[in-house]
Amino acid sequence: MLHEHQKPRHHFDLRLEHDGVLRSWALPKGMPVEPEQNRLAIAVPDHDLDHLDYQDGEKSIADTGWWEEHDRTDRRIVLTLHGRRGAHRYALIRTARDWLLHLTKDQPQERHRG
């Protein structure tokens, strides 16, 4: 789930369902679109699952889908997000204060339908 917020400042929230809650990170500059980009990802409190379809005048659903975890340590989560625009692999990397969201160079291969 990717929520787009208009207030207090325009930003996105990445929400990953895990252990019955939505783990959440605020992305002030949105999702990285090139592997050279790292985007700040600020961990915010978990949300209840009923927040998945929540929208109002200031918050909309930018993308929805599912995610798969490939690797996890205390400092890094490697995952693929499967959204409406395809699948993209990212690494969430813990820094001393926050997290960075990184689009990996190694991306999933598109599955062609025959």
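Residues checked against (1) charged (D, E, K, R); (2) farther than 24 Å from K7 by Cα; (3) in contact (Cβ under 8 Å) with a residue 12 or more places away in the chain; (4) in contact with an Asp or Glu (Cβ under 9 Å, 6 or more places away or on another chain):
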position	(1), (2), (3), (4)
G30	no, no, yes, yes
R39	yes, no, yes, no
R75	yes, yes, yes, no
L92	no, yes, yes, no
L103	no, yes, yes, yes
D106	yes, yes, yes, no
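Selection within segment 54-85: residues that are among the polar types (S, T, N, Q) and either touching a helix residue (DSSP H, G or I) at 6+ places or on another chain (Cβ under 6 Å) or surrounded by 12 or more Cβ atoms within 10 Å (Cβ to Cβ) (or both). The member of this set that is farthest from L103 (Cα to Cα) is S60. When Q109 is tested against (1) more than 12 Å from the chain's Cα centre (by Cα); (2) at pLDDT 95 or above, exactly one condition is not met: (2). Among the residues of segment 31-45, the ones that are in a loop (DSSP other than H, G, I, E, B) and closer than 15 Å to A62 by Cβ come to 3 in all. Residues that are at pLDDT below 95 and not aromatic (F, W, Y) within segment 50-60 comprise D50, H51, L52, D53, Q55, D56, G57, E58, K59, listed in sequence order.
The values are calculated or read from the model by the stated rules, or taken from the named source; none is laboratory data. This one's a predicted model, so the numbers in the text were calculated from it and none came from an experiment. As a convention, Cβ positions derive from the backbone with ideal geometry for all residues, glycine included, and neighbour counts pool all protein chains shown.
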